[in-house]
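The values are calculated or read from the model by the stated rules, or taken from the named source; none is laboratory data. What you see is a predicted model; the values in this text were computed from it and never measured. Cβ: placed from backbone, ideal geometry, glycine included. Neighbour counts: every protein chain shown. In case anyone asks, the SASA skips ligands and DNA or RNA and just uses the protein heavy atoms, side chains included. Shrake-Rupley method; radii C 1.70, N 1.55, O 1.52, S 1.80 Å.
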Amino acid sequence: MQPVCAPPFGNVRAFSHSQTMSEWDRTTQANRTTRIDYLAAQRDIRLNRDEDAYRSRWRSIRVMYFTMFLSSVGFTIVITSIWPFLERIDSSADASFLGWVVAAYSLGQMVASPLFGLWSNHRPCREPLVCSIFINVSANLYYAYVYLPPSERKYHMLMARAFVGFGAGNVAVVRSYVAGATSLKERTGAMANMSACQALGFILGPAMQAVLSLIGETGWHLDVMYLQLNMYTSPALLAAFFGVVNMLLVTLVLREHHVDDHGRQIRAINYVSEERVEVPSDDDGDIDQLAVVTSNVLFFVILFIFAVFETISTPLSMDMFAWTRKDAVLYNGVILACIGFESILVFLAVKVISQKIGDRLVLLGGLIVIFCGFFILLPWGNHYPKIQWADIHNSTTPQAMAPISNSTVEPTGCPAEQTWCLYTPAVHLAQYITSDVLIGVGYPACNVMSYTLYSKILGPKPQGVYMGWLTASGSCARTLGPVFVSHTYTLLGPRWAFSLICGMVLAAILLLAFTYRRLIAFSVRHGRIQE
């Protein structure tokens, strides 16, 4: 029996002069109907194939959303408890060393991002993703056991955070994949969704830490595993569990997809096949390197200022508002969770606003809002912070300024060894909250617009290495930001620290204004799509 989809080319038979015209018409009509059925069947097959590819593509993109979410959770779930945990396990650590511990995460990410990006350019992105997530899981387990070594525990915490950051270098792979798997029209929405997942990590990470702080500093001892399960170790263990779930999703669900700026499915550069890989012809043309450098600089500034903010929030609140370690972890966890929720609303708004006014104006507006946020945070007035005098009575030795280990009351307030505490006005709680709100608006808008513009500037070319450099610039900012603010804040106080940040944001605004016309999409620059 002949298949339905086969063309009926052999069905035409010769007609004698005795056959009537009606028989010829009926046969011709039957042949035409069969051919139409064949073409319709072929069309249905193509539509089903395209629909399956579309569903698979967006399933894979959603796995990338989840990966970005977990990367954010892995950073923020312990950020508010690092300082009190560091003080608890190693009394020799100070606020300056805290900056190095926070920066270690970003330093590891800065080193790993170009490497994972290069890997994803030539191999299926599943490989670098699984490898990086495994490193992340192992590093979180290492962090949960940093109290075990008999000495130099602060350096073990430093190494653990560096390896967690190295595993988080897969952010470059995530951004590259999403940029390559979306059309130019889809990209802003996809990048905004990815940033929303990142913001959700900023919500749930501190929120989880705040909930887990109810376990307390003592918690439970699991002698079989040599584990102290408390408010400091449980977040890292939870992050490790999430990493295992992420590895399963990447292995079982993720598939390679690549589309051009119009959304047409094309063969991925890193597709593994015995056939020769054809590079899509739409990538002809050069990339505007000035726009690439500008985008990296702007991304550096944006990540730098937020790294400063999240690093200094706990020490600043403990100094200005006389909060205890437990209160600082709880309250700042709630504040960062609220900022994360605010960021999700901003991402939803950005998807609509950017379609009306463009990506560049949204980025400029976000930088202006961030400038206002840090300007408001500058100390003023005649109200000074409470000073930690309790532990320096009847003693003039420097050691007496440190909290006494067997004291029943935890000293609170601004440490007397920070001399600026004696003459610098306190930051009011209203200033702190207002600054949080403004930065919570400006940062997410700048964040999503910066790498959305960057991916559009690069166009359909393989973006793994370029995204690796973008992530590395952000990681460099996260490395230098905490070190800068911890030293500047400790030595000079909040007035100098936040004034310098305001100057940096102002310089970024001027840079964006000078290069505004160069920050356009690859296809727009080469005249293939109208802006």
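Quick one: is Val277 assigned to a loop (DSSP other than H, G, I, E, B) and either open to solvent by 40 Å² or more (accessible area, probe 1.4 Å) or modelled with pLDDT of 85 or more (or both)? Yes, satisfied. Ser151 satisfies every condition listed in (1) more than 23 Å from Ser473 (Cα to Cα); (2) at pLDDT below 85; (3) buried (at least 20 other Cβ atoms within 10 Å of the Cβ) except (3).
If Ala291 passes every condition in (1) within 28 Å of Phe69 (Cβ to Cβ); (2) open to solvent by less than 20 Å² (accessible area, probe 1.4 Å) but one, which one does it miss? It is condition (1) that Ala291 fails.
Results for (1) at pLDDT 80 or above; (2) crowded, with 23+ Cβ neighbours inside 10 Å; (3) assigned to a helix (DSSP H, G or I), shown as yes or no for each residue.
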site	(1), (2), (3)
Ser113	yes, yes, yes
Val146	yes, yes, no
Gly165	yes, yes, yes
Ala168	yes, yes, yes
Val174	yes, yes, yes
Arg187	no, no, yes
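Scanning the stretch 220-258 for residues that are among the aromatic types (Phe, Trp, Tyr) and open to solvent by 20 Å² or more (accessible area, probe 1.4 Å) turns up Trp220, Tyr226, Phe241, Phe242. How about the stretch 453-484: which of its residues are of a type in the set (Val, Ile, Thr) and touching a Pro at 6+ places or on another chain (Cβ under 9 Å)? Scanning the stretch 453-484 gives Val465, Thr471. Condition (residue is among the small types (Gly, Ala, Ser) and part of a helix (DSSP H, G or I)) applied to the stretch 249-266: is it met by at least one residue? No. Checking the stated criteria, Ser475 turns out not to satisfy the condition of being under 25 Å from Arg187 (Cβ atoms), open to solvent by less than 30 Å² (accessible area, probe 1.4 Å), at pLDDT below 90 and in contact with a Lys or Arg (Cβ under 9 Å, 6 or more places away or on another chain). For first residues located in the stretch 99-115 and in contact (Cβ under 8 Å) with a residue 60 or more places away in the chain and farther than 18 Å from Val174 by Cα, partners that are part of a helix (DSSP H, G or I) and open to solvent by 50 Å² or more (accessible area, probe 1.4 Å) and lie 6+ apart or on another chain with Cβ distances below 8 Å form the pairs Gly99/Phe484; Gly99/His487; Ala103/Leu480; Ala104/Met159. Under the condition of being under 17 Å from Val297 (Cβ atoms) and open to solvent by 10 Å² or more (accessible area, probe 1.4 Å), the residues counted in the stretch 435-452 number 1. When Leu491, Leu511 are checked against the criterion of being open to solvent by 30 Å² or more (accessible area, probe 1.4 Å), of a type outside the set (Val, Ile, Thr) and modelled with pLDDT of 90 or more, a single residue qualifies: Leu511.
Can you confirm whether Glu152 is on the phi < 0 side of the Ramachandran plot and of a type in the set (Asp, Glu)?
So Glu152 does not fit the description; no.
Do we find a residue being in a loop (DSSP other than H, G, I, E, B), free of Cβ contacts under 8 Å to residues at least 40 places away in the same chain, closer than 19 Å to Ala139 by Cα and out of contact with any His (no Cβ under 7 Å at 6 or more places or on another chain) anywhere in the stretch 204-218? So far as the stretch 204-218 goes, no, none of its residues is in a loop (DSSP other than H, G, I, E, B), free of Cβ contacts under 8 Å to residues at least 40 places away in the same chain, closer than 19 Å to Ala139 by Cα and out of contact with any His (no Cβ under 7 Å at 6 or more places or on another chain). Looking only at the stretch 323-342, residues that are modelled with pLDDT under 80 and open to solvent by less than 40 Å² (accessible area, probe 1.4 Å) come to 5 in all. Determine whether Thr218 is under 25 Å from the mean Cα position of the chain (by Cα) and of a type in the set (S, T, N, Q). Taking the combined requirement at face value, the residue does not satisfy it. Residues in the stretch 514-523: is at least one within 27 Å of the chain's Cα centre (by Cα), closer than 30 Å to Val164 by Cβ, crowded, with 19+ Cβ neighbours inside 10 Å and not aliphatic (A, V, I, L, M)? No: the stretch 514-523 contains no residue that is within 27 Å of the chain's Cα centre (by Cα), closer than 30 Å to Val164 by Cβ, crowded, with 19+ Cβ neighbours inside 10 Å and not aliphatic (A, V, I, L, M). Whenever a residue of the stretch 74-89 is under 15 Å from Ile312 (Cβ atoms) and assigned to a loop (DSSP other than H, G, I, E, B), its partners that are among the aliphatic types (A, V, I, L, M) and open to solvent by 10 Å² or more (accessible area, probe 1.4 Å), lying with C-beta atoms within less than 7 angstrom and at least six residues away or across chains, give the pairs Thr80/Leu336. Among the residues of the stretch 363-383, none qualifies, meaning not one is buried (at least 16 other Cβ atoms within 10 Å of the Cβ), over 26 Å from Ala472 (Cβ atoms) and at pLDDT below 85. Candidates Ser96, Ser60, Ser56: the one that is in a helix (DSSP H, G or I), surrounded by fewer than 18 Cβ atoms within 10 Å (Cβ to Cβ) and at pLDDT 80 or above is Ser56. Report yes if Asp319 is touching a Cys at 6+ places or on another chain (Cβ under 6 Å), open to solvent by less than 20 Å² (accessible area, probe 1.4 Å) and modelled with pLDDT under 90, otherwise no. Yes, satisfied.
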